[in-house]
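The values are calculated or read from the model by the stated rules, or taken from the named source; none is laboratory data. From a predicted model like this one, the values you see are computed outputs, not experimental measurements. When we count neighbours, we look across all protein chains shown, and the Cβ atoms used for this are built from the backbone with ideal geometry, even at glycine. For accessibility, only protein heavy atoms count, side chains too; no ligands or nucleic acids. Shrake-Rupley method; radii C 1.70, N 1.55, O 1.52, S 1.80 Å.
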Amino acid sequence: MARPRDSSTDGQSSSSPGGQGTLIACDRRLSPEELRWRCDPSELPFETTEEVEPLVGTIGQERAASALALGLEMEPAGFNLFVAGSSGTGRTSATRTFVEQIARTRPTPGDWCYVHNFKDPSCPAAIGLPPGQGTQFAQDMDALIEAARRAISRAFRTPEYRQRRDEIHQAMEQRREQLVQSAMEQARAQGFALSITPVGVAAVPLVEGRPITAEEYERLAEEPRRALREQSERLVAATVEVLDQVQSLEKEAHAQIAELDRQAALFALGPLVRERQANYREHAKILEHLNRVQDDIVARLDEFRREAEGGAEPTAGDEHREHLAEELEWLGRERVLERYRVNVLVDNRDLASAPAVFEPNPTYYNLVGRIEYHVRLGTMVTDFRMIKSGALHRANGGYLVVQALDLLASPFTWDALKRTLRTGQIRIETLGEQVSLVPTTTLRPEPIPVDVKVILIGPPFLYYLLYFVDEDFRKLFKIKADFDVEMARTPEHLAQYCAFVCRQVQEQRLRHFHRSAVARIAEHGARLAEHQGRLSTRFSQIADLAAEASHWAAKADSRYVLAEHVDRAIEQKTYRSNLIEEKIQQLIDEGTIFIDTTGARLGQVNGLSILDLGDYYFGRPVRITAQAAFGGEGVVNVEREARLSGRLHNKGFLILTSFLSARYAQDKPLALAARITFEQTYDEIEGDSASSTELYALLSCLADLPLRQDIAATGSVNQHGEIQPVGAATRKIEGFFDVCKAKGLTGRQGVILPEANGRHLMLREEVVEAVRAGQFHVWAVRTIDDGIELLTGVPAGQRQPDGTWEAGTVNDRVDRRLREYAEHLKSFARGLERPELAERPPAAIGPRTPRVLRWVHRLRQLTSFQSLGR
């Protein structure tokens, strides 16, 4: 078994066949110019941003702009938009700009009103009107009610009306007197007097012109008394018939008076209603509503007249009882006058084009509208005038922009939006109807037709999540506008970057920027994009940097923002966020975290990892070690065994073992038991960027060649041994540089990274200057062989025609070590043919079985050594 050992030399291990003088096939050192893109201020066609026109529109989002333009112009249903992009890319501001531009070219939509439904009061009727006429209609109805109050009041006070009413009353009273007097006279002729009271009719016998007394009646014989009683009953029956005639007369009189009232009301209301109908002759629904208003006023004439006349004069009494009576009256019947008014739900009179509504709080009620309630004597009451509009009503005929995460965070809102888009109607419902187990009585307003373009703004993962799990989503949101986090560094985009800085100067009232400062901001944009040929489109970060740089320029009392102020802003932002990075650096400096930056060690290499804190991420070196021995377990990932390995790291590790088998196990079994681990890491390891580094450590162990500790390595390896690019290469290099700088730069230290990552480097000036001075190096490699040569100083070696490797090379030493392991396995298998080590059935293997026999049984399962022994 190979064991790790230290190398006291600062160069290559003394056991390395090549030593320091060995010619390495790959020594691709990156020049200082390749480590960073520099924006030459002299190439910018201005001196300060005072000479630059502010940016109008967006930068570098041609794909998203094209999708937005298409989606906003498409008329068919279902072509709503989902604007996908990371926060800070300008997705919201760009969407706002596009929507407002398109909205200005579209006509203003109409108004919407709710009125009382006389057929079904629980279902208020919706009426659509041209823009601005909703309020006019409401004012016309208010004027109609006021005019009707005055007209009806006047009509009922005219002498003609009172005369005709009195005539009806007098005719009825005369006829009534005649009937009653005739009945009285008939009774008197028969010797009886009639007594008509509210409780009934009585016929009293007369004696000498006066009513008979009870004593006189009792002294009569039975036969006379019976005759009087029968005659009295006949008179009472005849009188009741007369009273029935009187009641019929009263009903007829009341009907005549009601008809008189109706005719008077119609005569008073007719001109008023016809005048309003003339104004809305093209709106059939309004004409129908006005007719129903007129009919309802006439049908409720007594109540309307009481409301119109202000009610009866209050009498002295208990004011509290009077107030309670009013409240009960309000609860018992609808307000007669209020039912004829208009609830203007949507008023577009102030709009000059289609509405563009940006709803910041898309709750259920804010989106689809709500029905409000008042508390009256402990009871919740409502009517059509308490229906309130939502964002969909205000955006009807235009555009509605909503943040997707806010929309989905509100219960029932997403389903309500989909239902509205599917049905083409906005239906106002209370949530209680949907969740209550007991049905409740409430308003059910008539749905309003909707024609709205909905634009959702959210992160890309949310778009894909909805697309795959919600079938309605892909039918309703057919246009996706993708906002990228970076753009190509072209002269046009660079000029737009400068214009963006100028716009920030104007919008935030900053100091103007010198072109050197603008150039430094452009370089920072490339650093954020992690690519020398691209610029970041996370404009919120660029805007923040511009604001902070202006602050430091003001502190320095500089007229213009210079490059040094931008550098100061970047340094201060880093300083505010890198506390954890400094703490880790302190642990490395004091030796608590083991990181070597000199010498060489067997099976040990410096890997590079990234710690992401959310607002800040940085690179840190980590020690990776490997141990190898003869066995049948293969290569074991310690992190995976400890459940500290993520799926991507596990994949990279499996690719590593696949490469090992493909290269070295073509003519022999891989009789290897190896362990690879990240030392002093206590959280999950994720990603495959260290798979090449892990392989370097394992090859060092097998070849018995120490690895340089003054070099850190990163890169993902594929099954063919090629080094693939990784992320955050800039931060990884800077992380190892900081450790080397703290321990002392020797001129031999550096980082190995994939060749494909060269264009991704935007290193700090400090690192670039160290490379320029020869104190630090960055090597670019293509294959595992290139990297192992740099780390060991020994050629990797090529495979010979006979299948062997060049003698003394790394591959040769690894192959010979694995062949030795295979021979050991073969010899060991032959020794197992002894009777005491004969194969036992699985059931015979238990906890009390000697360790060597249990190991032999496991080895049989893993390597099938019996066939190998033959």
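Just to be sure I follow: if Rg is taken over the C-alpha atoms of the stretch 552-628 and Rh is the Kirkwood radius over the same atoms, what is Rg/Rh? Ratio of gyration radius to Kirkwood radius: 1.19. Counting other Cβ atoms within 10 Å, which GluC sites (Glu not before Pro) in the stretch 548-634 have at most 12 and lie in a DSSP loop? Answer by residue number: Glu590. Kirkwood radius for the stretch 664-814, taken over all pairs of different Cα atoms as the inverse mean of 1/r, rounds to 16.6 Å. Averaging 1/r over each pair of different alpha-carbon atoms in the stretch 108-211 and inverting the result gives 20.1 Å, the Kirkwood hydrodynamic radius.
Histogrammed with a bin width of 20 Å, the alpha carbon distances of the chain distribute as 11, 24, 22, 17, 11, 8, 6, 2, 0 percent, first bin at zero.
Identify, among Ala563, Tyr217, Leu421, the residue whose Cα sits farthest towards the positive end of the charge dipole of the chain, taking +1 on the Cβ of Lys and Arg and -1 on the Cβ of Asp and Glu, with the dipole about the Cα centre. The residue sitting most towards the positive pole is Ala563. Here the ratio of the Cα radius of gyration of the stretch 352-491 to 2.2 N^0.38 Å is 1.25. Give me D for the stretch 51-135 in µm² s⁻¹, whole number, from Stokes-Einstein with Rh from the Kirkwood sum over alpha-carbon pairs, 37 °C and 0.692 mPa s. Answer, rounded: 198 µm²/s. Report the far tail of the P(r) of the stretch 499-649, meaning the percent of Cα-Cα pairs longer than 27 Å. Tail of the P(r) past 27 Å holds 47 percent of the pairs. Taken over the C-alpha atoms, the stretch 480-568 has Rg and Dmax values of 12.9, 47 angstrom.
Shown here for the stretch 622-702: trypsin sites (Lys or Arg not before Pro) in loop regions (DSSP other than H, G, I, E, B) with at most 13 other Cβ atoms within 10 Å, namely Arg643.
Here the spin labels are modelled as points 7 Å beyond Cα on the Cα-Cβ line, and at Ala202 and Glu641 they lie 11.9 nm apart. Average accessible surface for the chain: 50 Å² per residue, computed with a 1.4 Å probe over protein heavy atoms with every protein chain in place. Packing, as the average of other Cβ atoms within 10 Å across residues, places the peptides 599-611, 457-469, 815-827 in the order 599-611, 815-827, 457-469, highest first. D by Stokes-Einstein for the stretch 416-570, Kirkwood Rh over Cα pairs, 4 °C, 1.567 mPa s: 66 µm²/s.
The average projected area of the stretch 141-278, computed from the convex hull of its Cα atoms over all directions, is 11.7 nm². Which residues in the stretch 33-65 place their backbone N less than 19 Å from a point set 7 Å from the Cα of Ser353 along the Cα-to-Cβ direction? Residues 56-58, 65 fall inside that zone. Taking every DSSP bridge with both residues inside the chain, close to 60 percent are antiparallel. Averaging over all projection directions, the Cα-based convex hull of the stretch 168-229 occupies 5.3 nm² in the image plane. Its Cα gyration tensor gives the stretch 560-703 an equivalent ellipsoid. The semi-axes, each the square root of 5 times an eigenvalue, are 37, 16, 14 Å from largest down. Within the stretch 626-683, which chymotrypsin sites (Phe, Trp or Tyr not before Pro) sit in a loop by DSSP and count at most 11 neighbouring Cβ atoms inside 10 Å? Listed in order of number, the matching sites are Tyr682. Placing unit charges on the Cβ atoms only, positive for Lys and Arg and negative for Asp and Glu, gives the chain a dipole magnitude near 3080 debye about its Cα centre.
Label sites at Glu433 and Thr213, each approximated as a point 7 angstrom past Cα along Cα to Cβ, lie 7.8 nm apart.
Annotation: for a label point projected 7 angstrom from Cα along Cα→Cβ of Glu766, residues of the stretch 581-596 with backbone N closer than 16 Å are 581-589.
Within the accessible surface of the chain, defined with a 1.4 Å probe on protein heavy atoms only, the carbon and sulfur portion equals 50 percent.
For the chain, the residue among Phe137, Pro76, Gly60 whose Cα projects farthest onto the positive side of the dipole built from Cβ charges is Gly60.
Measuring between their Cα centroids, the stretch 153-224 and the stretch 68-131 lie 76 Å from each other. Note on Gln719 and Arg38: their simple-model spin labels are 4.6 nm apart, each label 7 Å out from Cα toward Cβ.
Oblate is the label for the stretch 594-657. Its Cα gyration tensor axes, ordered a ≥ b ≥ c, give a/c of at least 1.5 and b/c at or above a/b. Orientation-averaged projection of the stretch 414-497 equals 9.0 nm² [convex hull of Cα atoms, one quarter of hull surface area]. Potential lengthening of the chain between Arg509 and Ser122 amounts to 133.7 nm, from the contour at 0.36 nm per residue minus the alpha-carbon distance. For the stretch 134-179, a Kirkwood radius taken over Cα pairs fed into Stokes-Einstein (25 °C, viscosity 0.890 mPa s) yields D = 187 µm²/s.
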